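The values are calculated or read from the model by the stated rules, or taken from the named source; none is laboratory data. Note that this is a predicted model, so its numbers are computed, not measured. Neighbour counts are summed over all protein chains in view; Cβ atoms, including those assigned to glycine, are modelled from backbone coordinates with ideal geometry.
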Amino acid sequence: MTAIDGAPGQRGRTPSTRQQVLVENGFGYGVIGADLHVFGDGRPVYLLSEAGRRPGLTLAVDDQGLPAQPSHLLNARHAVVDFTGRHGEVGDLTAWRDGGGGRAVRWLHAPGGQGKTRLASHLAESAARDGWKVIVAEHTPARVVDVNEPASHDLRVGAARGLLMVVDYADRWPLTHLTWLFSNKVFDQDVPVRVLLLARNEHIWAALRHALTQAGWSPEGCTSQALGALPRARDARGSMFVAARDCFARRYGLPDAAAIGVPDWLDRDEFGLTLAVHMAALVAVDRHARSAAQPEAPREGMTALTAYLLERENLHWHALHSSGDMLTGGRTTFTTTPTQLRRAVFTAALTGPLGYREARAALDRVGVGDADQVLGDHTFCYPPADPRTVLEPLYPDRLAEDFLALCLPGHDLPGHESDAWTHGVPELLLAPSAGDNHLPPYAARAFTFLTAASERWPHLIATLEGLERLLPEDPHDAAGDLTVAAADLADRLARHRLPTVTDPAERAELHDVLGRWLDRANREDEAADALREAVRLYRSVAATDPRSVEPKLAWAALHLAQVLVGLNLVPEPGAFRHLSVGGDALRPGPARRDEALAAFREAVEILRRLARDNPAEHEKDLAGALSVVGVFGPHLGAAEESRAFARECVEIVSRLARDDPDEYADAVPLMLANLAGNLVTSEPEQAAALAAEAVEGARRLVGDHPADPEQQETRRFALHFTLVVQAGVLLRLGRAEPALAVLDEAVRIAPGQREDDPDGSDAWAETVSLTLGLLWVQGSEDDAGAGLEGAMQVLRRQARANPTAHRLALFHAFLVLDYMLRQLERWELVLAGQRDVIDFLKAADDALRYDVIGVLAANGAVLVMLGRWDEALDVIGEIAEELRREGTAGGWEHGLGGALVAVATNGAGVTPGESPDDSGYGQVAQDETVATLHRIAAAYRRRAGGDPHDEHGLAVTLKLLAEALWILDRPGESLATGREAIAVRRRLARDGSPEHHDHLALALQRQVRRLERVGQHREAVVAAAEAVDLYEQLVRVDAAAHEPALAATLHLLAVNLWWSRPAEALEPARRAVEIVERLARAEPAVHGQNLANALDVLAGILRDLGWEERARAAASQAAEVRDRLAVRG
């Protein structure tokens, strides 16, 4: 799709020229123009690097001179096979890349082996050729490398046309790591930014999309796309097979590749994968080169192909061990036995690349002999992509997965014996070290690969069950990428167990565990479904066995309620739009709110009953449940009930603390704070007093300086939390001044402050975010509004006092506040807050100012919704001016177009549509948007009064309307609107400026196209002739800029004259050909197709006039042009 005139985008952050280098715990990593995010132990969360050339591929050869390890030819990073097929997907992704300015994200998902990486590489190479900066983001939670090998990357965009980032394996990143990535300043550019995320599934896409829209990314720019299987048609898969066969044959030095026929079994389901077709071609080439018989069909499909390739690896290991210098590259010894090497390859498949010392420790743990010798020999066989690492695994991933499965006992594939040594090795390798409860950093990879392999190799279930025992009992004790992998493992085991488990109690526990792991991995909808089923099953069992089952039912209900509250606190990603105007679409659905409240009540009721019967065992659990309901109850519409629960919680915890202060004293301030938040509406002074009491209690506990550092950190958190609650209480009471002082203290003592946050921006952002969140969930509609109004005063004061401090955090806080106020429909506050943000952003430097366009669009949308048309028109002009200030091509005309699209689509509360004719005007081609544009046009008419800016606004509005109505198949309205647009353009053109003459000519040309399509050729001829006159004047001023349009308009004039006056059509047709022929000589790729079309029309006119020879010459010339275009591709 081509961009509509002046569609607004994100603009303008000036790239940094300062290099940041982190050296921590033996690792050096430098970037220029980007941020670094690291774990506490110095390991980078991810690495950013500029996409470079493909690494060279050196193949080991066997004694026949053939590739000894054919699988290396399948590694996507070497791109041995020329990219073929996927024309539709390439076109779609290229259009996405080039679809205007701003920032956009695409989540491209498909099963492993579908060709995502090759497709992304092709897109990246194309982007680099077209002048884009291409960056690759690699998730590196297990990467520890040596300080002597620092990496430095200049990630500044410079003069590039845009920035494209490619993120592979995005589904394996935890949501927090992805949000860290998207907060990187590398995205703050004044050129288009595109992020392509590759994944096997969509599990966390919904959560990520919501996080991005909250952070200011355009919802319309956050899209997903499934990469489908290859077409079953024989020619589609056959063509890919032939292309791969020929590329592999060149590597083998085979001159007779055509002798290898296309197999007739490629139409099977499993060969819908690009990798499967490539594997089939590679195995066929290898068999042919070795004069081995080609099987009629692989007995087990891809399994047989991977088994063949793995057998080639095995033969190579044996050859190396028994060979002399020839196969070992001049090395005198290769002492690692094939068995040892096989075990090292098995270990590498589990760990992935590691730093040398970590790799040696892993091999020592599992026992493969002399670790240094084995690592050296393994590196010879499998050279690492990153020279700072060893233990390079098998590629592609499918091969590594199948290798793990074939090594582990339990399969029945003939000719591939398992290795008894591997039994228990995954558990041994991943078990925490003595005195350490944490799994190694590579645990997530091992879980992921074994889980994926188990889908094809059921005997791996036993291994997964062993790994399950290594996981923490409480999913919240897991962190990072392990949460993603563990959720996948839990899902796989549940799907394996549930079909055979009939006992309701066991089934309930399976759903319960699954739900909690899914929740931990931010797969909330699936988690809610699993927990809902767990609660249902527990209920059925509790009737007969209440003593053992009711505690589980209570906790499952509590977990379900918390998940449902999380879903309700924010709308579904499809409903939340950063630039939308709010209303019912943004309100949580009452069904889930009611369900969450019912689940909370059920949990409390059960625990209260259990606590009465056995207080020693259950009273503390009751207090925990009451505290949770006390936090979320007001948001669920149960303020009075929530207050009662909070009071009960304080009473229980206070009593427990008196009896056992060491165990429970730390909880008292938190519970007091919770009660204070609940009392603001009913007992405001008591709420303020309790909040102060909670803070003083937490402060005393921190001052006690316990010997245990973990307990001290817990107490610092409690103090921070109570201060935040106190600030929220004060804001809800309308006491902004003291609230600000409390917030300042909360920021100063915020726990977990990092060295890379010297100005406290992150601490400030987290504190303000927590304050707003508590305001939202604990306030009634009235006092929440008062609290949010107070929060706005605080943010406004902060922005005016020191606009450079915490500027990005301030902006995000304003966005959150804006969202909450919309939900309360406090529109005057919404508008005031948006104007504060606009003023703040306009005063900021270019690193933030680009965001002002989005906020202005939101402001205009609210004004449209409220019917405040004069103000809305002013904002549209303000957006246009901002776009012009930032250098948008097309000046005021395109600025107005972009402003109108943004305000009209969002003011109508719809998502921009897709244009069926690729014009780009499909963005406004929806009934609701058209109605809004009609109202905007009416507002311009009312106040036009000769003001050129308003007249221009009306003209652009009518242009959008005419095109949208045409796309919606309302031709009569479209033509009438087009006529009015032309009349307005004529009035504007009276000033004699080339700009307005150009716009009038274009309006006439567009009208001609519409008239021609409905057969109104007479009116079309008149309009086309007027447009030709205008373009001829413009050509005399600037021929290069206007000759293509003149030729197109002459062509249209000829086409319409041809219907009734063919003799008069000949001259404009001849002139169109003459101009386009000259243009095509200079730029054949741009103008060649237009020349062929113009020649076709000329040939038809000549034929109708009886000049057959001249007609044949023109038609022949058109065919020659098309042939040349086809050769060029």
Could you give me the residue pairs with C-beta distances under 8 Å whose first residue belongs to segment 1043-1069 and is free of Cβ contacts under 8 Å to residues at least 60 places away in the same chain, whose second residue is part of a helix (DSSP H, G or I) and of a type in the set (Ser, Thr, Tyr) wherever it lies, and which are 6+ apart or on separate chains? Ala1045/Tyr1031; Leu1046/Tyr1031; Thr1049/Tyr1031
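Identify, please: which residue in segment 239-265 is in contact with a Pro (Cβ under 9 Å, 6 or more places away or on another chain) and not hydrophobic (A, V, I, L, M, F, W, C) and is, among those, nearest to Val81 (Cα to Cα)? Give the steps one after another, and end with the answer.
At the first step, the residues of segment 239-265 found to be in contact with a Pro (Cβ under 9 Å, 6 or more places away or on another chain) are 241, 248-249, 251-252, 263, 265.
After this cut, where a residue has to be not hydrophobic (A, V, I, L, M, F, W, C) as well, the list is 251-252, 263.
On the way: Arg251: 10, Tyr252: 13, Pro263: 18 Å.
Once the filter is applied, the top-ranked residue is Arg251.
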Only residues in segment 314-338 that are closer than 18 Å to Gly65 by Cβ and modelled with pLDDT under 75 count as the first member; pair them with residues that are among the basic types (Lys, Arg) and in a loop (DSSP other than H, G, I, E, B), Cβ under 9 angstrom, at least 6 apart or cross-chain, and list the lot. Asp325/Arg331
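Let me confirm something: among Ala1003, Ala983, which residue is more than 19 Å from Ala1041 (Cα to Cα) and either in a helix (DSSP H, G or I) or among the β-branched types (Val, Ile, Thr) (or both)? Let's see the steps before the verdict.
Details: Ala1003 fails: more than 19 Å from Ala1041 (Cα to Cα).
Going through Ala1003, Ala983 in turn, just one is more than 19 Å from Ala1041 (Cα to Cα) and either in a helix (DSSP H, G or I) or among the β-branched types (Val, Ile, Thr) (or both): Ala983.
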Could you tell me which of the residues Thr339, Thr379 is polar (S, T, N, Q), in the same structural domain as Leu482 (by TED's automatic domain parsing) and surrounded by fewer than 18 Cβ atoms within 10 Å (Cβ to Cβ)? Thr339
Does segment 889-899 contain at least one residue that is under 25 Å from the mean Cα position of the chain (by Cα), in a helix (DSSP H, G or I) and at pLDDT 80 or above? yes
Selection from segment 990-1046 of residues that are farther than 17 Å from Ser974 by Cβ and in contact with an Asp or Glu (Cβ under 7 Å, 6 or more places away or on another chain): His999, Leu1034, Val1035, Leu1046
Going through segment 1006-1052 one residue at a time, which ones are on the phi < 0 side of the Ramachandran plot, not aliphatic (A, V, I, L, M) and not in a helix (DSSP H, G or I)? Gln1016, Asp1038
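For every residue, the table says whether it meets (1) more than 26 Å from Asp188 (Cα to Cα); (2) surrounded by fewer than 18 Cβ atoms within 10 Å (Cβ to Cβ); (3) modelled with pLDDT of 50 or more.
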residue	(1), (2), (3)
Val21	no, yes, no
Gly56	yes, yes, yes
Gln64	yes, yes, yes
Pro70	yes, no, yes
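For segment 727-739, give me each residue that is more than 18 Å from Glu693 (Cα to Cα) and part of a helix (DSSP H, G or I).
Ala736, Glu737
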Just one listed residue, out of Val80, Val38, is within 23 Å of Arg398 (Cβ to Cβ), β-branched (Val, Ile, Thr), buried (at least 17 other Cβ atoms within 10 Å of the Cβ) and modelled with pLDDT under 90, and it is Val80
Please list, ordered by first then second residue, the pairs with beta carbon atoms under 8 Å, 6 or more apart or interchain, first in segment 688-705 and more than 22 Å from Asp783 (Cα to Cα), second β-branched (Val, Ile, Thr). Gly697/Val668; Gly697/Thr722; Ala698/Thr722
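For Val563, indicate whether it is modelled with pLDDT under 95, part of a loop (DSSP other than H, G, I, E, B) and of a type in the set (Val, Ile, Thr). Reasoning before the result, please.
Details: modelled with pLDDT under 95: yes; part of a loop (DSSP other than H, G, I, E, B): no; of a type in the set (Val, Ile, Thr): yes.
No: the conditions fail for Val563.
Can you say whether Thr463 is surrounded by 14 or more Cβ atoms within 10 Å (Cβ to Cβ), under 25 Å from Arg357 (Cβ atoms) and of a type outside the set (Asp, Glu), as far as the supplied structure shows? Lay out the reasoning, then the answer.
Values: surrounded by 14 or more Cβ atoms within 10 Å (Cβ to Cβ): yes; under 25 Å from Arg357 (Cβ atoms): no; of a type outside the set (Asp, Glu): yes.
Criteria not met by Thr463.
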Residue satisfying all of: in segment 1087-1116; more than 18 Å from Leu1046 (Cα to Cα) and in contact (Cβ under 8 Å) with a residue 40 or more places away in the chain; surrounded by the most Cβ atoms within 10 Å (Cβ to Cβ) among these: Ile1101
Any idea which residue in segment 628-653 is modelled with the lowest pLDDT, counting only those that are of a type in the set (Gly, Ala, Ser) and closer than 18 Å to Arg593 by Cα? Gly637
For segment 948-977: of the residues being within 14 Å of Gln926 (Cα to Cα) and among the acidic types (Asp, Glu), which is surrounded by the fewest Cβ atoms within 10 Å (Cβ to Cβ)? Asp969
Identify, from the list Leu273, Leu282, the residue that is surrounded by 14 or more Cβ atoms within 10 Å (Cβ to Cβ), in contact with a Pro (Cβ under 6 Å, 6 or more places away or on another chain) and in contact (Cβ under 8 Å) with a residue 12 or more places away in the chain. Leu282
Given the criteria surrounded by 19 or more Cβ atoms within 10 Å (Cβ to Cβ), more than 38 Å from the chain's Cα centre (by Cα) and either at pLDDT 85 or above or closer than 27 Å to Ala644 by Cα (or both), does Ala694 qualify? yes
Just to be sure I understand the filter: pairs with C-beta atoms under 8 Å, separated by 6 or more residues or on different chains, first member in segment 78-92 and in contact (Cβ under 8 Å) with a residue 12 or more places away in the chain and under 23 Å from Leu282 (Cβ atoms), second member buried (at least 17 other Cβ atoms within 10 Å of the Cβ) and of a type in the set (Phe, Trp, Tyr). Which pairs pass? Val80/Phe248; Val81/Phe248
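The rows are residues; the columns are (1) more than 18 Å from Ala784 (Cα to Cα); (2) touching a residue at least 40 places away in the same chain (Cβ under 8 Å); (3) part of a helix (DSSP H, G or I).
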{"position": "Phe645", "(1), (2), (3)": "yes, yes, yes"}
{"position": "Val668", "(1), (2), (3)": "yes, no, yes"}
{"position": "Met671", "(1), (2), (3)": "yes, yes, yes"}
{"position": "Ala676", "(1), (2), (3)": "no, yes, yes"}
{"position": "Glu685", "(1), (2), (3)": "no, no, yes"}
{"position": "Gln712", "(1), (2), (3)": "yes, no, yes"}
{"position": "Ala718", "(1), (2), (3)": "yes, yes, yes"}
{"position": "Val725", "(1), (2), (3)": "no, yes, yes"}
Could you list, in sequence order, all residues of segment 156-190 that are buried (at least 22 other Cβ atoms within 10 Å of the Cβ) and either assigned by TED's automatic domain parsing to the domain that holds Arg388 or assigned to a loop (DSSP other than H, G, I, E, B) (or both)? Trp173, Pro174, Asp188, Gln189
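Looking at segment 407-422 only, could you name the residues that are crowded, with 22+ Cβ neighbours inside 10 Å and not in a loop (DSSP other than H, G, I, E, B)?
Here is the first cut: in segment 407-422, the residues crowded, with 22+ Cβ neighbours inside 10 Å are 407-408.
Passing the criteria: only Cys407.
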